[in-house]
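Input: a single structure, listed below in structure tokens.
Rule-based calculations on the coordinates, nothing more; no lab input. In this text, all values refer to a predicted model and were calculated from it rather than measured experimentally. Note that each Cβ is placed from the backbone with ideal geometry, even for glycine, and that neighbours are counted across all protein chains shown.
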Amino acid sequence: MYQKLKIIIKFILPQGIANRVENLFRKLYSLFYSGNKVYCTICQKHFSKFIVLENGDQLCPACGSLPRHRRLWLIINEENKINNDDVMLHFSPEKCITQKLKKLYEEKYHTTDYDTKTNTKFHFDITNIAAKEATYTYMICYHVLEHIENDMQAMKELYRILKPQGKIVIQTPFKEGAIYENAEVKTKQDRLKHFGQDDHVRIYSVDGLKKRLESVGFNVALKQYENEKNNFYGFKKQETIFICEK
Ligand SMILES: [Zn+2]
């Protein structure tokens, strides 16, 4: 129901207006979810339940966060200590998190998206980033690398622009075994079939991504989370997150 209404809003309205209407629509929608059984770490509100999407992910009725965003928010708060000269860079930022980080860090928080239609500070090409070496202290790169054909070059660039002792939080979808890549898979249709999304170019394995990140110089630590039993935060699926240090 929620997804259908959202599609209709996006279809009938121009993007800027649709985004504003979506926020209002979600506020109204969240009224039907009042209660105390679940909690969103980002908007810090309780609800009777989350909105369950077709793939089983649980969406916050108020801020629209997915489980991986709510977990990321906890990690940012755990890991991130932005001091005087520090600057943070967020690739393909999630709206619900961006709004909070902008308020918190103002000019010290930079956003970037390759898509020039998005409202980010920069539109960096991750394989050739227009930033000086050792610019950023903390970076977030969630669900980006699986879209990049030359991912090794992207990782080298991430390493280059990170300050020594700086950290980057990385996540992609994963599979068991080895990384799956296939040079013959080029069309949207084939990518959907082989990689699970029509703009993905591979499926990483945890071990495979770890080795690639280490090969460009990162010290990689894994955070692995089991599914939560009482579903208070809506963390129903297992999750693996990479914390990489220079
Ligand atoms: Zn929320």
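Numerical summary
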{"item": "16 Å tail of the calculated P(r), the range 22-134, as % of Cα pairs", "result": "65"}
{"item": "Candidates Ile140, Ile148, Ile168, ranked by Gaussian network fluctuation over the chain, Cα under 10 Å, top entry", "result": "Ile148"}
{"item": "Residue with peak Gaussian network fluctuation, the chain [Cα springs, cutoff 10 Å], from Gly56, Gly217, Gly208", "result": "Gly56"}
{"item": "Cβ-based net charge around Ile76, under 12 Å, with every Lys or Arg adding one and every Asp or Glu removing one", "result": "+2"}
{"item": "Residue-wise HN-Hα coupling along the range 103-111, computed from phi with Karplus coefficients 6.51, -1.76, 1.60 (Hz; x: Gly, Pro)", "result": "5, 6, 10, 6, 6, 7, 10, 10, 10"}
{"item": "Chain lengthening between Gln153 and Thr127 when straightened (0.36 nm per residue, less Cα-Cα)", "result": "8.8 nm"}
{"item": "Phi to ³J(HN,Hα) by Karplus 6.51 cos²θ - 1.76 cosθ + 1.60 over the range 217-233, Hz, x for Gly, Pro", "result": "x, 5, 8, 10, 10, 9, 10, 10, 10, 7, 5, 7, 6, 8, 6, 5, 9"}
{"item": "Loop sites in the range 55-127: chymotrypsin sites (Phe, Trp or Tyr not before Pro), DSSP, at most 16 other Cβ within 10 Å", "result": "none"}
{"item": "If the convex hull is drawn through the Cα atoms of the chain, its volume per residue in Å³", "result": "139"}
{"item": "Anchor Lys211: aspartates and glutamates whose Cα lies under 13 Å away (excluding residues fewer than 8 positions away in-chain)", "result": "Asp151"}
{"item": "Within the range 149-224, trypsin sites (Lys or Arg not before Pro) in DSSP loop having at most 13 other beta-carbon neighbours inside 10 Å", "result": "Lys186"}
{"item": "Residue of Met88, Met152, Met139 that the Gaussian network model of the chain assigns the largest fluctuation, springs spanning Cα pairs under 10 Å", "result": "Met152"}
{"item": "Sorted by Cβ density within 10 Å, fewest first, the residues Phe32, Phe218", "result": "Phe32, Phe218"}
{"item": "Stretchable slack from Lys117 to Gln238, in nm (0.36 nm times residue separation minus alpha-carbon distance)", "result": "40.3 nm"}
{"item": "Cα centre as origin, Lys/Arg/Asp/Glu Cβ charges: the chain dipole, Debye", "result": "920"}
{"item": "Equivalent-ellipsoid semi-axes of the range 118-171, from the Cα gyration tensor, Å, largest first", "result": "16, 13, 12"}
{"item": "Greater than 18 Å apart at Cα, pairs in Lys210/Lys246; Lys95/Lys132; Lys49/Lys237; Lys95/Lys246; Lys81/Lys103", "result": "Lys95/Lys132; Lys95/Lys246"}
{"item": "Potential lengthening between Lys108 and Lys175 on full extension [0.36 nm per residue; Cα-Cα distance subtracted]", "result": "20.6 nm"}
{"item": "Longest DSSP-loop-exposure-free segment, GluC sites (Glu not before Pro), the chain, at most 16 other Cβ within 10 Å", "result": "55-132"}
